[in-house]
Amino acid sequence: IRTACFSVRKKMASFVLRRAAGRLAPNSLQRWASAAAVPLTESLPYYEGAEPDSRKPPEGVKVHLTSHRSKRQVSDFFDQVTKLSNGVTVASLETHSFSSTLSVYVRAGSRFETYSQQGLSHLLKKAAFLAAGGRSTFRVFREIDHVGGSLSAANTREHVVYRAQLLRGNEDLALDILSKAVVSPDLRDWEIQDLTPRLALEVTAHEDDPESSITETLHGTAFRNALGNSVLTPRFNLGHVTASDLRAYMDEWFVGRRITLVGIGVDHQELVSRAESSFSSVREGPSSDEETCHYCGGGEVHVPSRSGLTHAAIVSKREPVSLSSEQDVLLAGVLQACALNFSYSDNGLFGFYVVSEPQNAGRLLQAVMQEFSSVAKGDVSDADLTRAKNQLKARYLMGVEQSTSLSDSIAAQLTQNGDYTPLTTTNQKVDAITKDAIVQFAKSVFATRSTFVARGNLSATPRMQQLLEGVSLR
Amino acid sequence: MASSLTRFGRALCANAWKSRAAVARTASAAAATRAANSYQQSLLNVPDTKVTVLNNGLRVASEDSGGSTCTVGLWIDSGSRYETEANNGVAHYLEHMAFKGTKNRSQIQLELEVENMGAHLNAYTSREQTVYYAKSFSSDLGKAVDILADIIQNPTLGKAEIERERSVILREMEEVEQQVEEVIFDHLHSLAYQGTPLGMTILGPTANIKRINRDHLSSYIASHYTAPRIVLAAAGGVNHDELVGLAERCFSGLPTTYDLPSLEPCRFSGSMMTVRDDTMPFAHLAFAVEGCGWSNPDYIPLMIAGAIIGNYDRTVGGGQNMASKLAQNIVAHSGTNPSEVHSFMSFNTCYTDTGLWGVYAVLNNTSIDDFIYNLQTEWRRLCFSVTEAEVERAKKVFKTSLFMQLDGSTAVCEDIGRQMLTYGRRIPLPEIDYRIQVSTYYGCTVKVYRDV
């Protein structure tokens, strides 16, 4: 049996040969029906045992083995940023991995919607990969499927993100699809209208999710405009956003200055040259004419229901800062269980979110606020600080292990700071944060009036006034 | 580091240039070759998974990809399949108790130590595997391994903690009952493997949860947490020799018996169950046939067949353009109401010697008949008239989904642990790539025909 197996394997090796040369005769299909019939517990002779560098590929297969077993650190990877002539920023990190992730970030999130445009970026996300630039919707789906890749889109308050993930080798197709989606989507009326029921489904799903619903309500209550817009379509506007609205919005906001292309696992020069041609028709656009966002404190929203739990969040305004600041240390560590931290380019929210049994909601909120006020009075031990710093660094580093989070991190830094900070520098910045800085920050938060949202069984939930009375925050 | 990187980059370009010069081709074909070489090279560029077997039988496997974080964990070859009716639920209970303190660390000390490091400690139990793993900085590998060793070798299993945990687990059961997908798959297993250990749920029946005591837990550990059945896997910035040294220091006390209780083959019994609840908005359906075990060579053709059937989600804009024939039939045959089927996904759940291959769907209650008809038509079609183009596409989709998953140290560590337990080795990526590539449409059809 063993010799029979071995002869099957030898046949397999020559099968590889012929397959690779593309000259497979049809009648050989039958013979190779059992070619894969080697249990997965046994390795194939091509890959058995031997040290990687001594493996020889079968003859005829043009694979060029190079010495490649170098240990790689993420910080060692060559990351490069190039700005095209029309303002589009192209950044890439060559990880030499077998998969590539291409993401296009357009600074056209829900904060840029006008009153009647609310929900437009949500619709844009849903319509991301419909017909564009000569490619029908059918062709988009089939072409990306044909290379085994996947397309995804997301919308946040500040950005709309178009992303393609696939195995290395098909970046040109992916970039073509992404760039056409951004630059020249067809936006066919009937295709857009078909999306309304899908939007409605998503809106319903999020309404039922307490955390998502609280986040939207918090923002809507805390900000008068811009950042107060929900990332989801508000019910009153479902179905009222049309293809021509989309087109007008894209004409205004999809300009070179606001577009960032991030590639992970791609060659930078190739990406830049392809991007130059793909995004050539994008105009540079005026420098920022964005609305400033105003925080309105003192808002309070209660959404009672018969649910068995209470979800409550209290936040206040915080200044916008880059990633590795004291706010985030605070977030990560000292009040780890339930801190909320939303950071945008020109504004932000910081506070706490608790989920509890109805009868304990008041006490839990009080306890959290007391804890925070003790931090504001300077009650932060060195051990607390070290722990918080470790947790922050860990969270960040573990996050950027994955190419999607890494892309997001690079794009966030580029749009916020205009530059990408390597990980070692970020670590150093975190290490440099002092206890005083944290205490100062804690004092400054809740200096402005807070915003409070509670959902669920509100039988024992205090009003914001009562909550803040019981706690001294100076 | 940087210089070796440049050398590699230059070598890459040089080889690419050579391949172009070697054969006269058009520019696009040359680019395709360069890209193909680049993909092949990137597959080969993945660091080796180094495996060491300690004297007591413990296997240590790791892949060092550099980086300042790592994931390290224990993959144990035991789960609810190794339980009896009397102690069903003990594996999951033990997983909870592991975090409730050891002889060297009380629960508070354990939690504080993990938090101070900025690490995360996690565990899960499935039918055939129990996993405890930690994510931490690479420099904290020693501490992470020490903690893992402590929780599985020295748990205190205090009576008070055991009592307290009962209500936590009962609460967890209530939450799981709310998740329809979990419930459906539990029912599927109980139907498919009636009267066998695979048919039991992981959490166990309420009666058992109320009854399990210290003796159950400690006898389970003694009989199942033995060195030959455990794999210490790690990925990220881990040095294999360092890891082996740590393992020798921390795990040498593990019992070395390999008294694997005889794994009775779990016979597959076809059956059907309907649970009618008109208050639910949708109908949930799981339809499966017996598949194959992990190490069976038919695993790959079955996964490819599953990729041909594919997944479908009504909420995806343009989703009706999916290449899945089943999705197209559903959209085409749904008449005036295109929203009859909300979503479906194909699954292939594998165990050592058996598996479940099928489709899980969420749909309107009026379209169940149609869906089953379409599904069975699709299965018949797979047996006799699937095209080579579809198989080729499915191969790419399967390959991509396998490889794209390996993103980040946790996914890689999980892959190492699982493969060591199910295949006894970590299959190198080029081999997986090759095995998938040589699957032929003939092989797939034969497999589906045999099983469906």
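The HN-Hα couplings worked out from phi for the range A:255-270 by the Karplus form 6.51 cos²θ - 1.76 cosθ + 1.60 (θ = phi - 60°) are 10, x, 4, 9, 10, 10, 10, 10, x, 10, x, 9, 7, 5, 4, 5 Hz, whole numbers, x standing for Gly and Pro. When you filter the trypsin sites (Lys or Arg not before Pro) in the range B:232-314 for DSSP loop state and at most 10 other Cβ atoms inside 10 Å of their Cβ, you are left with B:Arg276. How large is log10 of I(q)/I(0) for chain B at q = 0.09, 0.10, 0.14 Å⁻¹ when the intensity is taken from the Debye formula with one equal scatterer per alpha-carbon? Cα-only, vacuum Debye calculation for chain B: -0.71, -0.87, -1.40.
Coupling constants for the range A:136-142 follow from the phi torsions by the Karplus curve (6.51 cos²θ - 1.76 cosθ + 1.60, θ = phi - 60°), and in residue order they are 6, 4, 4, 5, 4, 4, 6 Hz; glycine and proline get x. With contacts taken as Cα pairs under 8 Å at a separation of at least 6 residues, the range B:187-276 carries a relative contact order of 49 percent. Mind jotting down the distance between the C-alpha centroids of the range A:226-270 and the range A:365-440, whole Å? Cα centres, the range A:365-440 to the range A:226-270: 29 Å.
Averaging the Cα positions of each part gives two centres, and for the range B:89-143 and the range A:123-179 these lie 40 Å apart. B:Leu263 sits among other residues whose Cβ lies under 14 Å from its own Cβ, and their net charge, with Lys and Arg +1 and Asp and Glu -1, is -2. Across the cross-link table entries A:Lys429/B:Lys135; A:Lys377/A:Lys429; B:Lys103/B:Lys135; B:Lys143/B:Lys210; A:Lys125/A:Lys180, which are compared at the Cα atoms, the separations over 26 Å belong to B:Lys143/B:Lys210.
Summing charges over neighbours of B:Ser80, with a neighbour being any other residue whose Cβ is under 12 Å away from its Cβ, gives -3 when K and R count +1 and D and E count -1.
I need the calculated FRET efficiency for the pair B:Ala332 and A:Thr196, taking r as the beta carbon distance and R₀ as 22 Å, to the nearest 0.05. For B:Ala332 and A:Thr196, the calculated efficiency is 0.55. With only the Cα atoms considered, the range B:49-250 has a convex hull volume of 129 Å³ per residue. The share of Cα pairs per 5 Å bin across the range B:232-381, counted from zero up to the longest distance, runs 2, 7, 14, 15, 13, 11, 10, 7, 7, 6, 6, 3, 1, 0 percent.
Here the range A:125-169 is scanned for amide nitrogen atoms under 19 Å from the site 7 Å beyond the Cα of A:Ala248 along Cα-to-Cβ, giving A:125.
Take the Cβ atoms of A:Glu469 and A:Asp419, set R0 to 45 Å, and the FRET efficiency comes out at 0.50. Considered as an equivalent ellipsoid built on the Cα gyration tensor, the range B:359-427 has semi-axes of 33, 18, 12 Å, the largest given first. What the phi angles of the range A:366-377 give under the Karplus curve with 6.51, -1.76 and 1.60, with θ = phi - 60°, is a coupling list of 4, 4, 5, 5, 4, 4, 5, 5, 5, 5, 5, 8 Hz, glycine and proline written as x. Counting Cβ atoms of other protein chains within 10 Å of each Cβ in A:195-202 and taking the mean gives 3. Under the criterion of Cα pairs below 8 Å and six or more residues apart, the relative contact order for the range A:169-261 equals 33 percent. Using Cβ point charges alone (K and R +1, D and E -1), the dipole size of the range B:49-250 about the Cα centre works out to roughly 540 debye. Here the contact order of the range B:283-447, divided by its residue count and restricted to Cα pairs under 8 Å and six or more residues apart, works out to 30 percent. Grouping the Cα pair distances of the range B:283-447 into 10 Å bins from zero gives a pair-distance distribution of 10, 36, 34, 17, 3, 0 percent in increasing distance order. Helical runs assigned H by DSSP (4 residues or longer) give chain B a calculated mean residue ellipticity at 222 nm of -15500 deg cm²/dmol, each run adding -39500 (n - 2.57) before division by the residue total.
Applying 0.36 nm per residue to the separation of A:Glu270 and A:Ser85 and subtracting their alpha-carbon distance, the gain on full extension is 65.0 nm.
Each eigenvalue of the Cα gyration tensor of the range A:386-474, multiplied by 5 and square-rooted, gives one semi-axis; in descending order these are 34, 19, 14 Å.
Cβ crowding within 10 Å, taken as a proxy for footprinting-reagent exposure, orders A:Asp346, B:Asp241, A:Asp208 from fewest neighbours to most as A:Asp208, B:Asp241, A:Asp346. A Förster distance of 56 Å, applied to the separation of the beta-carbon atoms of A:Glu143 and A:Asp382, puts the FRET efficiency at 0.45.
Quick note: the coordinates plus some simple rules give every number you see, no bench work behind them. As the structure is a computational prediction, the values presented were derived from the model and not from experiment. Positions of Cβ are generated from backbone atoms using ideal geometry, with glycine treated the same way; all protein chains shown enter the neighbour counts.
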